[in-house]
1. Given the conditions (1) within 16 Å of the ligand (Cβ to nearest atom); (2) in a loop (DSSP other than H, G, I, E, B), and given that residue 230 satisfies all but one, which numbered condition is not satisfied?
2. Within the stretch 233-242, how many residues turn out to be near the ligand (Cβ under 8 Å from one of its atoms) and out of contact with any strand residue (DSSP E or B) (no Cβ under 8 Å at 6 or more places or on another chain)?
3. What residue, of 58, 88, 28, 17, is within 20 Å of the chain's Cα centre (by Cα) and free of Cβ contacts under 8 Å to residues at least 12 places away in the same chain?
4. Failed condition for residue 154, given (1) outside any loop (DSSP other than H, G, I, E, B); (2) surrounded by fewer than 17 Cβ atoms within 10 Å (Cβ to Cβ), with all others met?
5. Quick one: how many residues across the stretch 188-219 are exposed (fewer than 14 other Cβ atoms within 10 Å of the Cβ), away from the ligand (no atom under 16 Å from the Cβ) and either closer than 15 Å to residue 13 by Cα or more than 20 Å from the chain's Cα centre (by Cα) (or both)?
6. Under the condition of being farther than 28 Å from residue 226 by Cβ and surrounded by 14 or more Cβ atoms within 10 Å (Cβ to Cβ), which residue from the stretch 256-287 is modelled with the highest pLDDT?
7. In the list 164, 118, which residue meets the criterion of being under 30 Å from residue 102 (Cα atoms), away from the ligand (no atom under 16 Å from the Cβ), within 21 Å of the chain's Cα centre (by Cα) and part of a helix (DSSP H, G or I)?
8. Working carefully through the options 239, 290, find the one that is more than 23 Å from residue 21 (Cβ to Cβ) and at pLDDT 95 or above.
Ligand SMILES: [Zn+2]
């Protein structure tokens, strides 16, 4: 019912990472978001295989009693709502008295706390909505290179090697869905919030950013072009000028949502394309124009 897509925060950080030297903490955050998203994609593939009739809702953000909570994935079966928190951790970890450590003995945030919090907030939300479904919450470790030692048996943790058996267990107990399940799915979708990531991003301004067009495959700058297309020196990808300019204009809008899109602006932003009239042509063909002459501003990609 709700597919997953890359978050705006991840996309913006990817662009920033290509255009400025990000501080270490933001680089780290970007790497974590990227890794997390890759894990979620792997999880989605696994889910699709067994989901059958059940409803899948991904990437949800709710607010209940002034608490925001984010859910990686919900699976609505006939009798139980499963809440999945997906982790793409890699390497060896161990648990000691409720504390989680990496193999280098570095303590990490206990992911069970987040799971428990989300589970209880989801229950409250369902109660408010007067849905009486049973909720089960699980931490799913999706990376086959993950190993957790000294795991107490009673924890709702699914390790990579257990995924298939777990899927069987879930589907065996599920029957045909009814109207109430769809109603629940729709209600939850209507309550889903979208949060602006801009306050969480590192500070950046236009002048700091390296100008040019990024290859959409490897996110390095195009350095070569011919009459027809731009050519990526790194991955050898080829892209037509128009598509590259439109993508860059979109990227500009994402990074600077309050700035106007003008021919001069996008010409400067794209940098590698020297012919300003060519930029003007592309923008006027694909955007709606507001105003005239120098102050013309392009809105909404058609
Ligand atoms: Zn490339």
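The values are calculated or read from the model by the stated rules, or taken from the named source; none is laboratory data. As the structure is a computational prediction, the values presented were derived from the model and not from experiment. Don't worry about glycine lacking a Cβ; one is built from the backbone with ideal geometry, like all the others, and counts go over all protein chains shown.
1. (2)
2. 3
3. 28
4. Only one criterion in (1) outside any loop (DSSP other than H, G, I, E, B); (2) surrounded by fewer than 17 Cβ atoms within 10 Å (Cβ to Cβ) is unmet by residue 154, namely (1).
5. Qualifying residue count, the stretch 188-219: 9.
6. 256
7. Numbers: 164 fails: within 21 Å of the chain's Cα centre (by Cα).
From the options 164, 118, the qualifying one is 118.
8. The conditions single out 239.
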